[in-house]
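Engineer: Before I ask anything, here is the structure I am working with.
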Amino acid sequence: MHFLCVRCRLKREIGPHWYSARLQNFLPVIKESASQTRDVLKQHFNDLKGTLGKLLDERLVTLLQEVDTIEQETIKPLDDCQKLIEHGVNTAADLVQEGEIAILGGVGEQNEKLWSFTKKASHIQLDSLPEVPLLVDVPCLSAQLDDSILNIVKDHIFKHGTVASRPPVQIEELIEKPGGIIVRWCKVDDDFTAQDYRLQFRKCTSSHFEDVYVGSETEFIVLHIDPNVDYQFRVCARGDGRQEWSPWSVPQIGHSTLVPHEWTAGFEGYSLSSRRNIALRNDAESSGVLYSSAPTYFCGQTLTFRVETVGQPDRRDSIGVCAEKQNGYDSLQRDQAVCISTNGAVFVNGKEMTNQLPAVTSGSTVTFDIEAVTLGSSNNNEGGNIKLRVTISSNNREVVFDWLLDQSCGSLYFGCSFFYPGWKVLVF
């Protein structure tokens, strides 16, 4: 009843046209998912038929080879026996013929031939014959086939595969980020216990989804998102102790209008990724702070640095934001900047705070959240034109403080500095 009331109120507040359009958006989802399901079923069963046929052919070849082997192994001794008997018969026939010739010859010649006949006959064992195998030892081949396998296979085939129409998980929120989109999902089936989730995405102009995350979390940021380009996202789950994945959620479309964060290219001492969102401190001599290519951070957003790899730490290292680029400094531990060092120390306008965060390690995520507190001149902000409320978080701890700037600025630069090679930082 409560659902119906909310539904009726929704229709009154947003109007029937929006409600109708919303329902119309579901029709392509149903039709596309049904079409994809048909294709998957056809492909799967065609592959299954091919695999089963191949297995049956392989088993047939194995059995036929076994028949050939038994036939050859049992016939060979009998063939050898037959050849031996035939050889003995032929030898006896030749000897009989030779004896008849010796008898018909003259006396002298007869004695010589009889002597040769007698000598040859004494060396031939005409009464020696091979043993004939007993009847019980003679193999008689037959195929032993169990027809019950057909019933077993039939039962498995009839139970193979299901068609599900209610995914246990759905995407609940898409949050745009500079160069990325945060995807959040949740279970919608209380009886389903999820072990892992699988997130896929694609450009709306593409026909192929790509895996982007598999794990137990219910939130993931998809990076390398082109601005103002529509992407589709879908998620599925794997039940506890199961191998197969659940049906896919209803695909959701999202895009980011925010300009991707990029490091400044061509800066000595740092190597950048192709999208310029990852900076690696290389072995070259560094000339100071690596800044963003433009002031792309705006108050109200969350700026995130993820440390992919680490090098040797130095107390002068820094990761943070600043009002403007200032060359000649080897660190963001200066005026008009806030930063965290790799040892966890926090600096505001060049001064180290009493509060400290955990040291930065491989895999650490450092976030900056900045909100404007006051704008314009005021006697309460020590002559500053703007006061910003800054929250820096790292390794499940955070520090909050007010940052005074000499002048108002609509956006901020970000930067980093490392004195030793090996540090790699992703910004988004």
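Engineer: For segment 224-244, give me the residue count where each residue is at pLDDT 90 or above and either open to solvent by less than 40 Å² (accessible area, probe 1.4 Å) or within 22 Å of residue 29 (Cβ to Cβ) (or both).
Structural biologist: Within segment 224-244, residues that are at pLDDT 90 or above and either open to solvent by less than 40 Å² (accessible area, probe 1.4 Å) or within 22 Å of residue 29 (Cβ to Cβ) (or both) number 10.
Engineer: Quick one: which strands (runs of 3 or more DSSP E) sit completely within segment 261-365 and have at least 2 residues that are more than 39 Å from the chain's Cα centre (by Cα) and either over 28 Å from residue 221 (Cβ atoms) or not assigned by the TED database to the domain that holds residue 401 (or both)?
Structural biologist: It comes to 351-356.
Engineer: To continue, here is another question. Tell me the residue from 64, 52 that is modelled with pLDDT of 80 or more and surrounded by 12 or more Cβ atoms within 10 Å (Cβ to Cβ), please.
Structural biologist: Residue meeting the stated conditions: 52.
Engineer: Something else about it: Is it true that some residue in segment 246-253 is surrounded by fewer than 16 Cβ atoms within 10 Å (Cβ to Cβ) and assigned to a loop (DSSP other than H, G, I, E, B)?
Structural biologist: Within segment 246-253, one or more residues are surrounded by fewer than 16 Cβ atoms within 10 Å (Cβ to Cβ) and assigned to a loop (DSSP other than H, G, I, E, B).
Engineer: Within segment 98-125, restricting attention to residues that are open to solvent by 90 Å² or more (accessible area, probe 1.4 Å) and not in a helix (DSSP H, G or I), which residue is modelled with the lowest pLDDT?
Structural biologist: Among those that are open to solvent by 90 Å² or more (accessible area, probe 1.4 Å) and not in a helix (DSSP H, G or I), it is 125.
Engineer: Is segment 374-386 home to any residue that is at pLDDT below 95, in a loop (DSSP other than H, G, I, E, B), closer than 14 Å to residue 346 by Cβ and in the same structural domain as residue 321 (by the TED database)?
Structural biologist: There is no residue in segment 374-386 that is at pLDDT below 95, in a loop (DSSP other than H, G, I, E, B), closer than 14 Å to residue 346 by Cβ and in the same structural domain as residue 321 (by the TED database).
The values are calculated or read from the model by the stated rules, or taken from the named source; none is laboratory data. No experiment lies behind these values; they were computed from the predicted model shown. Cβ sites come from the backbone with ideal geometry, for glycine too, and all protein chains shown count toward neighbours. We work out accessible area using only protein heavy atoms, side chains counted, and drop any ligands, DNA or RNA first. Shrake-Rupley method; radii C 1.70, N 1.55, O 1.52, S 1.80 Å.
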